[in-house]
1. Among the candidates Leu101, Leu83, Leu88, which residue alone is touching a helix residue (DSSP H, G or I) at 6+ places or on another chain (Cβ under 6 Å) and open to solvent by 30 Å² or more (accessible area, probe 1.4 Å)?
2. Can you report the number of residues in the stretch 116-132 which are assigned to a loop (DSSP other than H, G, I, E, B) and touching a helix residue (DSSP H, G or I) at 6+ places or on another chain (Cβ under 8 Å)?
3. Looking at the stretch 75-92 only, could you name the residues that are assigned to a helix (DSSP H, G or I) and either farther than 10 Å from Val115 by Cα or not small (Gly, Ala, Ser) (or both)?
4. Can you find even one residue in the stretch 135-151 that is more than 21 Å from the chain's Cα centre (by Cα) and free of Cβ contacts under 8 Å to residues at least 24 places away in the same chain?
5. Taking the stretch 48-60, which residues are in contact (Cβ under 8 Å) with a residue 40 or more places away in the chain and in a loop (DSSP other than H, G, I, E, B)?
6. Name the residue that is nearest to Arg38 (Cα to Cα), counting only residues in the stretch 3-26 that are of a type in the set (Val, Ile, Thr) and surrounded by 10 or more Cβ atoms within 10 Å (Cβ to Cβ).
7. From the list Val45, Val90, Val40, Val105, pick out the single residue that is in contact (Cβ under 8 Å) with a residue 40 or more places away in the chain and β-branched (Val, Ile, Thr).
8. Check Gln152, Gln159 and return the single one that is open to solvent by 50 Å² or more (accessible area, probe 1.4 Å), within 28 Å of Ile49 (Cα to Cα), in a strand (DSSP E or B) and not aliphatic (A, V, I, L, M).
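The values are calculated or read from the model by the stated rules, or taken from the named source; none is laboratory data. This structure is a prediction, so every number in the text was calculated from the model and none was measured. Counting neighbours? That spans all protein chains shown, and the Cβs are built from the backbone with ideal geometry, glycine included. These accessible areas exclude ligands, DNA and RNA; they are computed on the full protein's heavy atoms, side chains included. Shrake-Rupley method; radii C 1.70, N 1.55, O 1.52, S 1.80 Å.
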Amino acid sequence: MLVARALIATAAMIALFFAGQPPAKAAIIIGALLLLTRRVKSERVYAEIDWSLLLMFAGLFIIVAGAQRALVTQDAIATVGRLHLDQLPVLSIVTAALSNLVSNVPAVLMLKPFVAPLAKPRHCVVTVAMASTLAGNFTVLGSIANLIVVRQAEARGVQISFWITSGSARR
């Protein structure tokens with residue numbers, strides 16, 4: 001039954017995409033329908049949510065939005081323009097460094113105003129996507145997914161750090 005619902009939901013999402021519905025709207029509609037037809041009690045679902053991590057992730061977006069409004073000026077865009085972000089290796093390095101400083105998704109959002117005016121914005125957007133995704137696997141802070149794994153491992157007695165792992169799972 002679960003597989004059938006998943007397949008129906010996927011087919012409905014694809015149909016809504018082709019019908020011209022915005023992806024966020026389609027996802028909310030299908031997600032709401034799946035929630036209404038579930039068998040798992042809400043309490044069990046809520047108990048599995050890592051609320052502090054979710055709050056941190058939401059906070060990252062708030063901080064990035066605030067930084068963009070306060071710090072991204074024409075002077076800042078001109079200054080960053082001198083870094084030659086139109087050269088893909090430079091853009092890759094800047095993206096990777098920023099991704100490990102603020103996490104990969106907020107880094108992409110921060111780079112958006114600097115990449116949009118470049119000569120080949122499509123190539124630059126693909127480069128930012130590639131570099132931020134790869135950089136997200138470099139350190140624990142590079143991606144929220146990494147933080148989730150570290151938190152889950154810690155709950156099971158496995159300590160993960162940059163250099164070594166320890167705990168019951170170590171052999």
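1. After ruling out the rest, the residue left standing is Leu88.
2. Looking only at that region, the number is 2.
3. Listed by number, the residues that qualify are Asp75, Ala76, Ile77, Ala78, Thr79, Val80, Leu88, Pro89, Val90, Leu91, Ser92.
4. no
5. Correct list: Asp50 only.
6. If we take residues in the stretch 3-26 being of a type in the set (Val, Ile, Thr) and surrounded by 10 or more Cβ atoms within 10 Å (Cβ to Cβ), then Ile8 is nearest to Arg38 (Cα to Cα).
7. When all the criteria are applied, what remains is Val105.
8. The unique qualifying residue is Gln159.
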